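Remarks on the structure that follows.
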Amino acid sequence: MSALPEVGTEAPVQTRTPSALDLFMFSASAWLLHRIHYDTPFTTEHDGHPGLLIHGPLQGVYLAQTAESWLGDQARLGSISYRHLAPAYLGDTLECGGSVTRADDEGVEVELWARKPDGTVTTTGKARFERR
Amino acid sequence: MGVITDEARSWANREYPRFEMIVTATDIAKFAHATGENNPIHFDREAAIAAGYADVVAPTLFPYVIRMHASALVAPDQLETDGSPSSDVPPLPTRRAMAGETSVEFGERIVAGDVIAVEKRLAQMYEKEGRSGPLVFVEMDFTFTNQRGELVALENFTRIYR
């Protein structure tokens, strides 16, 4: 079994550019009916956004995937938290990454982020992994 | 000046009806495809069993799917103009919602065939002055358990109304 990474080690970055189809599939799979994720006229004319919004929870899944594909073989995801700082719209690319902030006998803690190529952070998170 | 009325405030600690979802392999595959998963443990029973699971296993954040069904699986006339369920939140001067912070602790994994119950409670409500006016924070607690009574997940979710 390989060792868990040390404090400061960075995750391989995962780049995601969800399409309109991806946004619709996420809404449909969760029965998430909020129009701002699939109804462009409502989103732009009624709510004043420049386009469809990439779901916050989908970005949360991207952060979990970034962390689990990095550490999941050696450790189990025990908890995750995330919050949204800026909107992400259809067409935006999200670079999802993370780094180890704490390492001990039980496991590691990591910080996670999703950001646009211009540096705007849309979602930040933290996760705790328990050694298997 | 508060925008949370006494009527809205009376929603604090409200417990919502318990909701149960029979999680199928189809539900798991839909969510897995929607999030770009390609690990066969989410699609293929044999692969999941070989990895030590009883059946096709759900991605870790799948409890989200269950709590959304608990809130939004209502008749269309019980939805707001924006598609969100109208009976879910206290009466507030604004219904324009955005996701705030989410925090999830994980217990047992969810596999196809599980019956997952979610209990939902409005934990607290508070307001802050934002740049463009008052913001109301509505914080919900969710407890997910499986058919054996084992804890699957605990989630705390804050929705922000502006």
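The values are calculated or read from the model by the stated rules, or taken from the named source; none is laboratory data. All values reported here derive from a predicted model rather than from experimental measurement. Every residue, glycine as well, gets a Cβ built from its backbone with ideal geometry; the counts of neighbours run over all protein chains shown.
Details
- Filter pass, B:V118 being of a type in the set (V, I, T), part of a strand (DSSP E or B), within 14 Å of chain A (Cβ to nearest Cβ) and more than 25 Å from B:S10 (Cβ to Cβ): no
- Filter pass, B:G113 being crowded, with 17+ Cβ neighbours inside 10 Å and not in a strand (DSSP E or B): no
- Under the condition of being assigned to a strand (DSSP E or B) and crowded, with 18+ Cβ neighbours inside 10 Å, the residues counted in region B:146-157 number 4.
- All conditions but one from (1) touching a strand residue (DSSP E or B) at 6+ places or on another chain (Cβ under 8 Å); (2) within 11 Å of chain B (Cβ to nearest Cβ) apply to A:G48; the one that does not is (1).
- Residues (within 7 Å of another protein chain (Cβ to nearest Cβ), among the hydroxyl-bearing types (S, T, Y) and surrounded by fewer than 21 Cβ atoms within 10 Å (Cβ to Cβ)) located in region A:51-91: A:S79, A:S81
- Residue list for region B:1-15, filter: surrounded by fewer than 17 Cβ atoms within 10 Å (Cβ to Cβ) and assigned to a loop (DSSP other than H, G, I, E, B): B:M1, B:G2, B:V3, B:T5, B:S10, B:W11, B:A12, B:N13, B:R14
- Residues (within 13 Å of the chain's Cα centre (by Cα) and within 9 Å of chain A (Cβ to nearest Cβ)) located in region B:86-99: B:A99
- For region A:72-90, the set of residues classified as under 15 Å from A:T120 (Cα atoms), out of contact with any helix residue (DSSP H, G or I) (no Cβ under 7 Å at 6 or more places or on another chain) and in a strand (DSSP E or B) consists of A:R83, A:Y89, listed by residue number.
- Wholly enclosed helices (runs of 4 or more DSSP H) of region B:23-76 bearing at least 3 residues at pLDDT 95 or above and over 18 Å from the mean Cα position of the chain (by Cα): B:25-34, B:45-50
- Meets criteria (part of a helix (DSSP H, G or I), of a type in the set (S, T, Y), more than 9 Å from chain B (Cβ to nearest Cβ) and free of Cβ contacts under 8 Å to residues at least 24 places away in the same chain) for A:T43: yes
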